[in-house]
Each structure stands twice: as C-alpha cells, then as structure tokens.
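**Student:** One structure, as structure tokens, below. Some questions next.
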Amino acid sequence: MKWKNEILKQCYVNLGVDLLEFFYIPRFDENLLNSFIKFENIQAVKDSAAEQKSIFFLSGHFSNWELMAFSFGKILQSSLKIIAKQQASKKLNEKINDYRESGGNEIIQIGYSLRSVYEKLNSNEKFCFLIDQSANPDYSVYVKFFGKNVATFSGPAKIALKKRVELIIAYGERSDNYSYKMYFDKLDYEDLKEYNDENVIKLTQRIQTKFEEVIRNNPGQWLWLHKRFKHTKS
C-alpha cells in the first residue's frame, strides 16, 4: 500500500507542476524552452518528414503533455494537428486552446476529427492523438491496459491501416531538476498488411501496450486521476 500512496503523491505533484507550467506558456520563447527541454531520437521524426509521410504522434496524459506539444511547435517550427476533447466551459475551452495554439499548433475538436484528419492526410501533416482516454463503449474496441479489458479509441489504428501513416509514440519525462527529455519511438506494424477488424484490434493493443510500458517506467508522471477505466469488460 505504501508504494501506491507514493505514486499517488507523485501524481498530484506532477499535476501541480503541469498547471503552473501551463499558465506560464505565454512567456516561453524558443531560447527558454531549449534551456530545459531536450529532444531525444528526433531522427525518427526527421526521417519520416524527409520521406514526406504523414505522422501520427501517439501520446497521453503523461508528464507535462501540454508543454511537450507546445515546445514541439515552438522549437521545431513544425505544426501539430492535435485531436482534443472540448471542455464543458466554452470560455475555458477557448482560453486553453489559445494557449495550445500559441506555439504554432492547431487544435481539432473531437467530433470533427476523423473528417479533418482524412482531409489533411495527403498534405503530409503531423497529427497528435492522446491515446489513454476512456472511449465510448459503443464506438470503440476493447483491449488490455494494465490487466483490464478497457474501451479504447480505435481511430488511429483504423486510419493507419488504411493509409499506412507513420506511427510514433511521443512522450516527455520530467527529471528531478525539472528539465525534460522528449522521446519519439517509432511503432512498427509492417506485419499487419490488411485493413480488417482483427488487425484494428491487434494494432490498437500494440499501441496501448507500448504506452503502458512508458507509464510503468515512471508511474508517478501519469494522470491516474482521470477515468481511463470507466468502461471495462470481464
């Protein structure tokens, strides 16, 4: 039980730091960001861009996900198309999205996302999906995540199998000195040649398994507080 309490404490600390850093976003410039954020294995991204491939960055509520997305656009001068849920408060939603887009990224609200993604795929764009959110049980697949069979968005897997886009697991990790390293791990799915229901489930599982590994390496930096396990099956 002690280790659970320690993870929970780290989770709250992480969330507090996230909020403070998010409110500071308007003051961050490229020089300041470069002083405490380092991009590891960025070559995977550059190679895909050189081959003029569209990229799906698959990330989640880990470390400071908002600052990592902002710094990508600001430092690399490369726009991300970020798929995001709309906040209940219209004013809050507008304010958050103003911050998110101030680094050069574009927010695509869920509900318009699939159509918008398909429209932009041929332009070799970079899209970002948060893959650790609870999905509508009527429009999702169920795959294993931390031992539970949970409802999971299958959109990234479906589009990837149809359009053969590049899949990259992207996430940041905060160090004890409050600097960050951001990682980009290419996800191979060359063995899944055809688009069918079975391969959609296989690829969705592969994505979730990889992100689970990221969390297990540093569990205190994941947002355990949101309802990821809202819809489960035995």
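**Student:** Among the residues of the stretch 102-113, are any among the hydrophobic types (A, V, I, L, M, F, W, C), touching a strand residue (DSSP E or B) at 6+ places or on another chain (Cβ under 9 Å) and in a strand (DSSP E or B)?
**Tutor:** Yes, the conditions are met somewhere in the stretch 102-113.
**Student:** A follow-up question, please. Using beta carbons and a limit of 8 Å, which pairs, at least six apart or on different chains, have the first residue in the stretch 136-150 and charged (D, E, K, R) and the second one in a strand (DSSP E or B) and surrounded by 13 or more Cβ atoms within 10 Å (Cβ to Cβ)?
**Tutor:** Listed pairs, sorted by first residue: Lys144/Val150; Lys148/Thr232.
Matching residues to (1) in a helix (DSSP H, G or I); (2) surrounded by 10 or more Cβ atoms within 10 Å (Cβ to Cβ); (3) in contact with a His (Cβ under 9 Å, 6 or more places away or on another chain); (4) charged (D, E, K, R):
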residue: Trp3; (1), (2), (3), (4): yes, no, no, no
residue: Leu8; (1), (2), (3), (4): yes, yes, no, no
residue: Cys11; (1), (2), (3), (4): yes, yes, no, no
residue: Gly16; (1), (2), (3), (4): yes, yes, no, no
residue: Glu21; (1), (2), (3), (4): yes, yes, no, yes
residue: Leu33; (1), (2), (3), (4): yes, yes, no, no
residue: Asn41; (1), (2), (3), (4): no, yes, no, no
residue: Val45; (1), (2), (3), (4): yes, yes, no, no
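**Student:** While we're looking at this one, here's another question. Residue by residue through the stretch 76-95, note down the ones that are farther than 18 Å from Glu125 by Cβ and either buried (at least 18 other Cβ atoms within 10 Å of the Cβ) or of a type in the set (Asp, Glu) (or both).
**Tutor:** Of the residues in the stretch 76-95, the ones farther than 18 Å from Glu125 by Cβ are 85-95.
Selection gives Glu94 alone.
**Student:** Cβ contacts < 6 Å: first residue in contact (Cβ under 8 Å) with a residue 12 or more places away in the chain, restricted to the stretch 175-199; second residue β-branched (Val, Ile, Thr), any location; separation 6+ or different chain. Result?
**Tutor:** The qualifying pairs are Tyr180/Ile37; Phe184/Val45; Phe184/Ile168; Asp185/Ile169; Lys186/Ile168; Leu187/Ile169.
Residues checked against (1) of a type outside the set (Gly, Ala, Ser); (2) closer than 17 Å to Ile201 by Cβ:
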residue: Tyr139; (1), (2): yes, yes
residue: Phe153; (1), (2): yes, yes
residue: Ala157; (1), (2): no, yes
residue: Ala160; (1), (2): no, yes
residue: Arg164; (1), (2): yes, no
residue: Leu167; (1), (2): yes, yes
residue: Ala170; (1), (2): no, no
residue: Asp176; (1), (2): yes, no
residue: Tyr183; (1), (2): yes, no
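**Student:** Checking the condition at pLDDT 95 or above and over 20 Å from the mean Cα position of the chain (by Cα), which residue from Ser35, Ser63 passes? Give the derivation first.
**Tutor:** Working: Ser63 fails: over 20 Å from the mean Cα position of the chain (by Cα).
None of the other options fit; the residue is Ser35.
The values are calculated or read from the model by the stated rules, or taken from the named source; none is laboratory data. Keep in mind it's a predicted model, so treat the numbers as computed, not measured. Positions of Cβ are backbone-derived with ideal geometry, glycine not excepted, and every protein chain shown enters the neighbour counts.
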